[in-house]
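K.L.:
Structure in C-alpha cells, see below.
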Amino acid sequence: MSIFKRLRDLTLSNVYSLIEKAEDPVKLTDQYIRDMQADLEDAEKAVASQIAIEKKFKLLYDEQAALVQRRTDQAHIAAQAQNIDLARRALEEKNAAEQKMNEYSVHYDQNKAAADNLREKLQDMRKQLTEMKNKREILNARYNAAKAQNEINRAMNGFGTDTAAAGLKRMEEKMLSMEAQAEASNELNNKGKSLDDEFEKLGSNKAVEDELAALLKQYEK
C-alpha cells in the first residue's frame with residue numbers, strides 16, 4: 001500500500017518543512033490531512049483483512065488441536081478395550097491432525113506477526129494524523145496573525161507619510177488664502193461706505209461718549 005511506503009519515505013518533519021515554505025501553508029496542510037485520512041482508511045482495511053487471516057489460521061489451529069486431543073483420548077479408550085484396529089486408526093488420524101495443527105501454527109504465527117506490524121503502523125498513522133491536525137491549528141493561527149500584521153503594516157505605510165503631510169499643507173494654504181480673501185473683501189466693503197455713513201457713525205459714537213461723561217459726573221465728589 002502507498003501509505004506504508006509513505007511512512008517509510010516521508011517523515012512528519014519533512015512534511016512540516018514543506019508546509020512552512022508554502023505560500024499558503026494552511027491549504028497545503030489541509031491537503032496533507034485529506035491525503036492522510038484517505039491513506040488511513042486504506043490502512044484500516046488492510047489491517048482488518050490481515051487480522052481476518054490471522055483469526056482464520058487461529059481457528060484452523062484450534063480445530064486441529066481439539067481433534068488431536070479427541071483422537072488421543074479415543075486411542076486410549078480403544079486400547080483399553082483391546083480394539084487394536086480402532087486404536088490404530090485413532091492414532092493415525094491424531095498424527096495427521098497434529099501435522100496440520102503444526103502447519104497452521106506456523107501460518108498463524110506469521111500472519112499474527114504481520115498483523116501486529118500493521119497494527120503498529122496503523123497506530124503510528126493515527127498519531128501522525130493527530131499531530132498534523134494539531135499543526136494545522138497552530139499554522140492557521142500563525143497564518144492569520146501574519147496576514148493581520150501585513151495588513152496593519154500596509155495601512156501604516158500610507159499613514160503619516162510625506163504625501164499626507166503635503167496634502168495637509170495644501171489645506172492650510174487654502175485656508176490662509178480663503179481668510180485673506182475674506183479680509184480683503186471686508187476692507188473693500190468698508191471703503192465702499194458713503195461719507196454720510198461715516199458721519200452718522202461718528203455722531204452715534206459722540207452721543208454715547210456724552211452720555212457716559214454725564215453719568216460719571218453724577219458720582220464725582
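Each value in this text was obtained by applying a stated rule to the coordinates, not by laboratory testing. This structure is a prediction, so every number in the text was calculated from the model and none was measured. Positions of Cβ are generated from backbone atoms using ideal geometry, with glycine treated the same way; all protein chains shown enter the neighbour counts.
K.L.:
Cα convex hull of the range 24-163: mean projected area in nm², to one decimal?
P.N.:
Average of the hull's projected areas for the range 24-163 equals 10.6 nm².
K.L.:
Length gain on complete extension for the stretch ASN83 to GLN110, per 0.36 nm per residue less the alpha carbon to alpha carbon distance? Please report the intermediate quantities before stating the final value.
P.N.:
Values: separation 27, 0.36 × 27 = 9.72 nm, distance 4.07 nm.
Gain on stretching ASN83 to GLN110: 5.6 nm.
K.L.:
Still on this model: May I have the count of lysine pairs in the range 42-167 with C-alpha atoms under 21 Å apart, counting pairs 8 or more residues apart or located on different chains?
P.N.:
Taking the range 42-167 as the scope, the lysine pair count is 21.
K.L.:
So, one more: Which distance in nm do the two modelled labels at LYS55 and LEU216 give, with both placed 7 Å along the Cα-to-Cβ direction?
P.N.:
Rounded to a tenth, the inter-label distance reads 12.2 nm.
K.L.:
Additional query: Could you give each residue of the range 107-115 its phi-based ³J(HN,Hα) in whole Hz, using Karplus coefficients 6.51, -1.76, 1.60 with θ = phi - 60°, and x for Gly or Pro?
P.N.:
5, 4, 4, 5, 6, 5, 5, 5, 5
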